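Structure incoming, see below.
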Amino acid sequence: MTYTLGWDDGVVVAIDQRVLPHELRWLRLATVEEVIEAITTLAVRGAPAIGLAGAFGVALSAHLHADPAVVRADAERLAKARPTAVNLAWGVRRALGRLDQGAPAVLAEASMMLAEDEATNRTAARLAAGLVLSLTPDRPLRVLTHCNTGRLATAAWGTALGTISDLAGRGLIEEVLVDETRPLLQGARLTAWELAEQGIPHRLLVDSAAAAAMSLGQVDVVLVGADRITARGDVANKIGTYGLAVSAARHRIPFIVVAPESTVDNTLAHGSEIVVEERAAAEVTSFGGTPVAPAGVAVFNPAFDVTPAELVSAVVTERRVWRPNHGAELARRITEALGE
Ligand code: MRU
């Protein structure tokens, strides 16, 4: 199968991202409950991938239940499995929109979304690659990325990592610096695995080394994905992204977000309105199953943070290069007000 998730003979199938890089295992999810559990435990993760899992979850429910009320109730639970990535509710809603035409139509919609997601990623990645090349004179490029935004996080190809693949395919990547991405190590476990799969040179670093790498002149551009983007361009993404944006601004390094239009939530004006998922303390208090903190310690474990638009050089989608440059706008208004 070319996609990282999909449908096979009456069940939802997906790569189990929890066991990578040690094992490439496929899950066969036969109930909506199992799909929800796969999403909440991050067996399936990444905003576009959970949107697709939500859509296939609705298709599964429609396949199993003749009563539309049951399917609608399942859809509601699927949409709430994780709160931050807007793609999940979007995917569920889109599949549910075909319910009146019967279960095969719901499945056809979910399957179409897979193909669309790959095409969307390839278009956005090509656009983002062009932007990167126009913003930095350095060749070949040293790119820093965070979390996993590759084929595992999408139907195929990926967003920020898809951009890196695009550039690498043209011989334009010297090295990718991969943040390990505490606490669940999506960078170490998944991004490093994908880069090795493609033969793209990379080095793994702890998240707290990213600012040092920038200060040492080892980074030409930062490329990340997104889970939700507000109307003004504030970006929710994996915890640690905001710190990267602050450091990138300090070192005048372009900070570029690559995401599908389905990640843009125009119902939210400001980043402070985004619901940020908080996850279990155990993710922080143990490492690889071994406790590393005193028992019972209080924990702050947000899965995401919000980077204000002012720190984002550009958001690139399949349709546009969007530069929500509120910083420059603010400076212009201050200059005008001062009559300078
Ligand atoms: O908690 P996760 O692993 O689902 O978080 C994923 C991210 O933050 C990704 O950067 C984002 O979903 C974009 S994936 C193309």
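What follows draws every value from the coordinates through simple rules; no lab data is involved. On a predicted model such as this, the values are computed, not experimentally measured, just so you know. Cβ placement follows ideal geometry from the backbone for every residue including glycine, while neighbour counts extend to all protein chains displayed.
Identify, by number, the condition in (1) within 13 Å of the ligand (Cβ to nearest atom); (2) of a type in the set (S, T, N, Q); (3) in contact with a His (Cβ under 7 Å, 6 or more places away or on another chain) that S262 doesn't meet.
Every listed condition holds for S262 apart from (3).
Further question on the same structure: For the range 133-156, what are the residues that are surrounded by 24 or more Cβ atoms within 10 Å (Cβ to Cβ) and not small (G, A, S)? Working first, answer last.
Pass one, the range 133-156, residues surrounded by 24 or more Cβ atoms within 10 Å (Cβ to Cβ): 143-155.
Residues satisfying the conditions are V143, L144, T145, H146, C147, N148, T149, R151, L152, T154.
Tell me yes or no: at least one residue of the range 269-283 is under 20 Å from L185 (Cα atoms) and either touching a Gly at 6+ places or on another chain (Cβ under 6 Å) or away from the ligand (no atom under 14 Å from the Cβ) (or both).
Taking the range 269-283 and keeping what is under 20 Å from L185 (Cα atoms), we get 276-283.
From what's left, either touching a Gly at 6+ places or on another chain (Cβ under 6 Å) or away from the ligand (no atom under 14 Å from the Cβ) (or both): 281-282.
Checking the range 269-283: at least one residue is under 20 Å from L185 (Cα atoms) and either touching a Gly at 6+ places or on another chain (Cβ under 6 Å) or away from the ligand (no atom under 14 Å from the Cβ) (or both).
Return only the number of the condition from (1) more than 16 Å from the ligand (Cβ to nearest atom); (2) under 22 Å from A156 (Cβ atoms) that V35 does not satisfy.
V35 satisfies every listed condition except (1).
Suppose we keep only residues that are under 21 Å from T136 (Cα atoms), in contact with a strand residue (DSSP E or B) (Cβ under 8 Å, 6 or more places away or on another chain) and of a type in the set (G, A, S) within the range 238-295. Which one would you say is surrounded by the most Cβ atoms within 10 Å (Cβ to Cβ)?
So the residue we want is A259.
Among (1) under 21 Å from T41 (Cα atoms); (2) surrounded by fewer than 23 Cβ atoms within 10 Å (Cβ to Cβ); (3) not hydrophobic (A, V, I, L, M, F, W, C), there is one condition Q218 misses while meeting the rest; what is its number?
The failed condition is (1).
Out of the range 181-197, which residues are away from the ligand (no atom under 13 Å from the Cβ) and crowded, with 17+ Cβ neighbours inside 10 Å? Spell out the reasoning first.
Taking the range 181-197 first, the residues away from the ligand (no atom under 13 Å from the Cβ) are 192-193, 195-197.
Hits for the range 181-197 are A192, W193, L195.
Restricting the search to the range 11-37, which residues are more than 24 Å from A105 (Cβ to Cβ) and either small (G, A, S) or assigned to a loop (DSSP other than H, G, I, E, B) (or both)?
Initially, the range 11-37 is screened for residues more than 24 Å from A105 (Cβ to Cβ), giving 15-27, 37.
Of everything in the range 11-37, those that are more than 24 Å from A105 (Cβ to Cβ) and either small (G, A, S) or assigned to a loop (DSSP other than H, G, I, E, B) (or both) turn out to be D16, Q17, R18, V19, L20, P21, H22, E23, L24, R25.
Residue by residue through the range 137-169, note down the ones that are within 13 Å of the ligand (Cβ to nearest atom) and in a loop (DSSP other than H, G, I, E, B).
H146, C147, N148, T149, G150, T154, A155, A156, W157, G158, T159
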